[in-house]
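Below: one structure, written as structure tokens.
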Amino acid sequence: MLHEEITGAVIGAFYEVHHDLGYGFLEGIYEHAMILSLVTRGFAVERQIPISVRYRGKVLGDFVADLVVEQVVLVELKAARAVEPVHIAQVINYLRATQIEVGLLLNFGPKPVFRRLIMTNDRKPNPSVRSPSVVAGALTQAT
């Protein structure tokens, strides 16, 4: 599996955070807990990564990915009652707009649910996809 070691660690951190915090917090709380858990495990984590959507060389708009781990796994966090098709579409579109090929959708709902999504670069419709532009460097230690 593509980036299996990283996705396995992220999913492990997800279950750990859900077990410790439970259901009901805002996404931002889970985001900070995931960062702490992943950084403690030795992973580089970037948060709130701006990504531009381009069409025919023009920027149509921007969106923000919650986390990127080791610059190769995009992580989208939700705190909803259930995973909805729109959540899955969001991650697929994030992958389509970047050179990142693996995305994880983590829902901190009443029951923890994750989806692992892959879109390899050779399957992306736009051959000029770019990596997300990182505003700040990766976190390497807990703050």
Before we move on, is PHE108 touching an Asp or Glu at 6+ places or on another chain (Cβ under 8 Å), aromatic (Phe, Trp, Tyr) and modelled with pLDDT of 95 or more? yes
Taking into account only those residues within region 23-66 that are closer than 21 Å to LYS124 by Cβ and aliphatic (A, V, I, L, M), which is modelled with the lowest pLDDT? VAL53
Across region 112-125, what is the number of residues that are touching a residue at least 40 places away in the same chain (Cβ under 8 Å) and under 13 Å from PHE14 (Cα atoms)? 3
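Just a yes or no: is a residue in region 136-143 at pLDDT 95 or above, closer than 26 Å to ALA79 by Cα, of a type outside the set (Lys, Arg) and surrounded by fewer than 16 Cβ atoms within 10 Å (Cβ to Cβ)?
No, region 136-143 has no match at all.
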Based on what the data block shows, is ASP66 on the phi < 0 side of the Ramachandran plot, in a strand (DSSP E or B), out of contact with any Leu (no Cβ under 8 Å at 6 or more places or on another chain) and among the charged types (D, E, K, R)? no
Within region 1-47, can you find the residues that are assigned to a loop (DSSP other than H, G, I, E, B), more than 15 Å from VAL68 (Cα to Cα) and small (Gly, Ala, Ser)? GLY22, GLY24
For residues in region 50-93 being of a type in the set (D, E, K, R) and under 17 Å from MET119 (Cβ atoms), which is surrounded by the most Cβ atoms within 10 Å (Cβ to Cβ)? GLU76
Scan region 78-125 residue by residue and report those that are in contact with a helix residue (DSSP H, G or I) (Cβ under 7 Å, 6 or more places away or on another chain), charged (D, E, K, R) and outside any strand (DSSP E or B). GLU101, LYS124
Starting from region 17-32, take each residue that is in contact (Cβ under 8 Å) with a residue 40 or more places away in the chain and list its partners that are surrounded by 11 or more Cβ atoms within 10 Å (Cβ to Cβ) and of a type in the set (D, E, K, R), counting only C-beta distances under 6 angstrom and pairs at least six apart or across chains. GLU31/ASP66
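The values are calculated or read from the model by the stated rules, or taken from the named source; none is laboratory data. Quantities reported herein were computed from a predicted structural model and do not represent experimental measurements. No Cβ is skipped: glycine too gets one built from the backbone with ideal geometry, and neighbour counts run over all protein chains shown.
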